[in-house]
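Here's the structure we're looking at; comments come further down.
The values are calculated or read from the model by the stated rules, or taken from the named source; none is laboratory data. Here the structure is a predicted model, which means the values were calculated and not measured. Methodologically, a virtual Cβ is constructed for each residue, glycine included, from the backbone with ideal geometry; neighbour enumeration extends over all protein chains shown.
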């Protein structure tokens with residue numbers, strides 16, 4: 001009976017009222033058909049149901065595909081904890097930093113077109129970035145202050161793609177430079193991408209470009225870079241380059257009024273900390289954050305990941321070259337400090353470099369990333385596996401939930 005219900009859910013996504021974004025892959029008859037354990041996946045469903053019953057997660061949409069087929073799709077809970085309607089397979093989620101791989105693919109398309117090189121200085125296209133100095137925190141007359149110096153080398157496009165640019169997020173530390181991001185309102189949704197880069201260029205770099213890995217607004221700068229080179233707003237460029245070719249009809253920076261009832265909403269854990277603030281999906285923001293501003297659905301993100309898993313092509317539409325994708329999913333951080341053991345970073349993706357150093361199971365060569373509201377995806381080329389986790393939760397809970405999903409999915413592989 002469960003498989004029949006699941007097939008109906010998939011069919012509803014493919015042929016129902018929102019047929020613009022059909023499932024990219026066919027269904028397997030059973031998880032075992034593609035080497036996955038039904039029993040293990042039922043354990044994951046049970047754990048997720050308990051989280052929903054406990055109020056930790058309002059609802060979830062989870063998917064595992066292998067060998068070109070959807071092996072398992074689970075839709076549980078509510079779309080909004082404060083409303084009666086259930087979660088659905090076509091619910092729309094804030095994907096936050098799962099925006100980054102989409103933007104990085106669009107930028108690398110431009111490299112393929114000869115419009116720029118990854119070795120180019122960012123200042124070649126965004127001159128204001130070339131004015132940024134490196135800030136070293138020192139104490140003068142008993143007060144912390146920044147000593148500014150010229151960077152040892154220019155920030156490159158590769159630095160933006162792999163997070164070695166010398167940038168940061170204001171919320172990821174208590175230094176003077178982190179505080180300056182808040183003071184400059186970096187990430188303000190009422191500012192355009194151009195205005196964001198203008199504000200950012202007046203701040204100090206946290207370290208010399210290339211010296212270390214630090215998660216940052218680098219992909220937001222990429223978004224502005226795309227605008228300057230392509231002559232379009234970021235949302236328009238992504239539509240033309242990635243979303244429309246792949247049929248990702250429910251993805252973008254704003255949810256239109258006729259789809260708003262499908263938006264998944266976060267809910268605070270009963271008796272827990274206040275809910276982490278999340279952006280309104282229909283706020284009309286001028287800011288199109290390449291680092292974290294998009295919303296999407298399970299079906300849409302499966303279309304994106306399926307194209308990547310297939311060497312850059314989905315149903316005859318190529319979004320990136322095979323060799324370019326290999327380059328992007330190689331580790332570009334090497335021995336630079338900042339990354340967890342066993343986990344490097346490529347051009348837009350986290351990349352597993354060793355099996356044993358990380359506290360999470362996985363395969364060398366798998367790649368993916370996650371979003372601030374709890375979403376997660378990874379692609380394992382060796383195992384021919386795609387896994388996607390869609391939830392909307394609070395900051396203190398997201399990492400544990402994602403890690404649990406990852407470890408339980410890995411345990412489902414039985415051949």
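Among (1) free of Cβ contacts under 8 Å to residues at least 60 places away in the same chain; (2) outside the structural domain of residue 220 (by TED's automatic domain parsing); (3) not in a strand (DSSP E or B), where does residue 76 come up short?
(3)
Restricting attention to the range 172-200, and to residues there that are part of a loop (DSSP other than H, G, I, E, B) and in contact (Cβ under 8 Å) with a residue 60 or more places away in the chain, which single residue is farthest from residue 284 (Cα to Cα)? If you could, list the steps in order and put the result at the bottom.
Step one: of the range 172-200, the residues part of a loop (DSSP other than H, G, I, E, B) are 172-175, 184-192.
With in contact (Cβ under 8 Å) with a residue 60 or more places away in the chain added as a condition, the list becomes 187-192.
Numbers: 187: 15, 188: 13, 189: 9, 190: 9, 191: 11, 192: 12 Å.
This residue is 187.
Of the residues that make up the range 130-149, is at least one assigned to a helix (DSSP H, G or I) and modelled with pLDDT of 95 or more?
So far as the range 130-149 goes, yes, one or more of its residues are assigned to a helix (DSSP H, G or I) and modelled with pLDDT of 95 or more.
Could you check, for the range 95-111, whether at least one of its residues is in a strand (DSSP E or B) and either closer than 23 Å to residue 377 by Cβ or under 17 Å from the mean Cα position of the chain (by Cα) (or both)? Reasoning before the result, please.
Narrowing the range 95-111 to residues in a strand (DSSP E or B): 95-96.
Narrowing the set further to residues that are either closer than 23 Å to residue 377 by Cβ or under 17 Å from the mean Cα position of the chain (by Cα) (or both) leaves 95-96.
Among the residues of the range 95-111, at least one is in a strand (DSSP E or B) and either closer than 23 Å to residue 377 by Cβ or under 17 Å from the mean Cα position of the chain (by Cα) (or both), which makes the answer yes.
So which residues in the range 255-277 are outside any loop (DSSP other than H, G, I, E, B) and farther than 14 Å from residue 78 by Cα, if there are any at all?
Step one: of the range 255-277, the residues outside any loop (DSSP other than H, G, I, E, B) are 257-263.
The answer is 257, 258, 259, 260.
Tell me yes or no: at least one residue of the range 172-185 is at pLDDT 95 or above and in contact with a helix residue (DSSP H, G or I) (Cβ under 6 Å, 6 or more places away or on another chain).
Within the range 172-185, one or more residues are at pLDDT 95 or above and in contact with a helix residue (DSSP H, G or I) (Cβ under 6 Å, 6 or more places away or on another chain).
Checking residue 280 against (1) in a loop (DSSP other than H, G, I, E, B); (2) in contact with a strand residue (DSSP E or B) (Cβ under 6 Å, 6 or more places away or on another chain): exactly one of these is not met. Which one?
(2)
Quick check: is even one residue across the range 291-298 farther than 19 Å from residue 76 by Cα, modelled with pLDDT under 95 and not assigned by TED's automatic domain parsing to the domain that holds residue 186?
So in the range 291-298, the residues farther than 19 Å from residue 76 by Cα come out as 291-295.
Subset that is modelled with pLDDT under 95: none.
No, the range 291-298 has no match at all.
Yes/no per residue for (1) farther than 22 Å from residue 331 by Cβ; (2) surrounded by fewer than 16 Cβ atoms within 10 Å (Cβ to Cβ):
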site: 159; (1), (2): no, no
site: 205; (1), (2): yes, no
site: 220; (1), (2): yes, no
site: 232; (1), (2): yes, yes
site: 241; (1), (2): yes, no
site: 244; (1), (2): yes, yes
site: 253; (1), (2): yes, no
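Might you let me know whether the range 396-415 holds any residue that is in contact with a strand residue (DSSP E or B) (Cβ under 9 Å, 6 or more places away or on another chain), part of a strand (DSSP E or B) and over 30 Å from residue 274 (Cβ atoms)?
yes
Are there strands (runs of 3 or more DSSP E) fully within the range 293-378 with at least 3 residues that are more than 23 Å from residue 262 (Cβ to Cβ)? List them.
Numbers: elements: 294-296, 343-345, 350-352, 367-370.
So the answer is 343-345, 350-352, 367-370.
So which of 42, 100 is surrounded by 21 or more Cβ atoms within 10 Å (Cβ to Cβ) and at pLDDT 95 or above?
100
Is one or more of the residues making up the range 316-327 without any contact (Cβ under 8 Å) to a residue 60 or more places away in the chain and in contact with a strand residue (DSSP E or B) (Cβ under 7 Å, 6 or more places away or on another chain)?
Taking every residue of the range 316-327 in turn, none turns out to be without any contact (Cβ under 8 Å) to a residue 60 or more places away in the chain and in contact with a strand residue (DSSP E or B) (Cβ under 7 Å, 6 or more places away or on another chain).
Kindly list the number of the only condition in (1) out of contact with any strand residue (DSSP E or B) (no Cβ under 8 Å at 6 or more places or on another chain); (2) surrounded by 20 or more Cβ atoms within 10 Å (Cβ to Cβ) that fails for residue 211.
Of the numbered conditions (1) out of contact with any strand residue (DSSP E or B) (no Cβ under 8 Å at 6 or more places or on another chain); (2) surrounded by 20 or more Cβ atoms within 10 Å (Cβ to Cβ), the odd one out for residue 211 is (2).
Criterion first (in contact with a helix residue (DSSP H, G or I) (Cβ under 8 Å, 6 or more places away or on another chain) and free of Cβ contacts under 8 Å to residues at least 40 places away in the same chain) does residue 150 satisfy it? Steps first, answer last, please.
On the way: in contact with a helix residue (DSSP H, G or I) (Cβ under 8 Å, 6 or more places away or on another chain): no; free of Cβ contacts under 8 Å to residues at least 40 places away in the same chain: yes.
Judged against the criteria, residue 150 is not a match.
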